[in-house]
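Worksheet for the structure shown next.
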Amino acid sequence: MWGRRTATQRLAESAGLTWKLLDDQSELAVAKLTACTAADRASADDVLPMVARVAEKLAAEEANHELVVTLVEVMQHLASHGLEQFHTTEEIRVVLGPRCLLVWEAVEKFWAAVAEWTLENGELRSNEDVLSVENPQLRAILWTSNRSLGDGTRVGTSDALRYEKSGGEPIPGYRELIAP
């Protein structure tokens, strides 16, 4: 139907982002940008809860699963770094609805498995190199694709890829997580 907003548009608008400036971006790029905006303490106080409400509605439809997983995963990555500029894990979790919490837990479980596998099959790298990047564009890429662990190490997208290629379980799909 003409004039109907897509899931990606609704998600971007929930964070106060102007769709006109984003319409040439991929759905997942928009989800990442929305997550960055929602996780940022400098955003308006209502942004995180608004993004969470829209994500919960979107999570009800299978077609939006990857979009919601990306949003949740990036918010987790940002919170994991323990930087003052981002909301904490607890602050984010408290505003999530039940479907998004299922996604949150599945993503958290996946990354814990990646970290365990990486430790068993190699060496975890320090998160210091990622957290010390000064270039804003590079920092955005690295902070959203790496997860800091409590011991000062990190895992990232390349670790997740190696984990999955070795037979590790991917993040469950919509039907495994949410579908009735």
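Table for the structure above
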item	result
Length added when fully stretched, Leu119-Leu101, from 0.36 nm per residue minus Cα-Cα	3.8 nm
In region 121-180, the GluC sites (Glu not before Pro) that fall in loop regions by DSSP, at most 10 other Cβ within 10 Å	Glu123, Glu134
For region 1-54 and region 123-180, distance of Cα centres in Å	22
Efficiency of FRET from Cβ geometry, Ser166 and Asp40, R₀ 30 Å, rounded to 0.05	0.30
Debye-sum result for the chain in log10 I(q)/I(0), which assumes one identical scatterer on each alpha carbon, at q = 0.13 Å⁻¹	-0.65
Selected from Thr153, Pro136, Ser126, residue furthest toward positive end of dipole (region 88-180; charges at beta carbon)	Pro136
Relative contact order (percent, whole number), region 1-104, Cα cutoff 8 Å, 6+ residue spacing	30
Apportionment of accessible area to carbon and sulfur, the chain, percent (1.4 Å)	53
Å² per residue, accessible surface of region 1-94 at 1.4 Å	53
Point-to-point label distance, Thr6-Leu138, nm (Cα→Cβ direction, 7 Å offset)	3.2
Three-way shape label, region 79-121, alpha-carbon gyration tensor, a/c 1.5	oblate
Size of charge dipole - the chain - debye, nearest 20, with Cβ of Lys, Arg +1 and Asp, Glu -1, no other charges	500
Global geometry of region 73-168, whether rounded, prolate or oblate, following the gyration tensor of its Cα atoms and the 1.5 cut on a/c	oblate
Mean separation of Cα contacts under 8 Å, 6 or more apart, over the residue count of the chain: relative contact order %	21
Nearby lysines by direct alpha-carbon distance to Lys109 (threshold 26 angstrom, same-chain neighbours under 8 apart not counted)	Lys32, Lys57, Lys165
Cα-based reach from Lys20 at 14 Å (exclusive), listing aspartates and glutamates while leaving out same-chain residues under 8 positions away	none
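The values are calculated or read from the model by the stated rules, or taken from the named source; none is laboratory data. Quick caveat, the model's predicted, so the values are computed rather than measured. When we count neighbours, we look across all protein chains shown, and the Cβ atoms used for this are built from the backbone with ideal geometry, even at glycine. We work out accessible area using only protein heavy atoms, side chains counted, and drop any ligands, DNA or RNA first. Shrake-Rupley method; radii C 1.70, N 1.55, O 1.52, S 1.80 Å.
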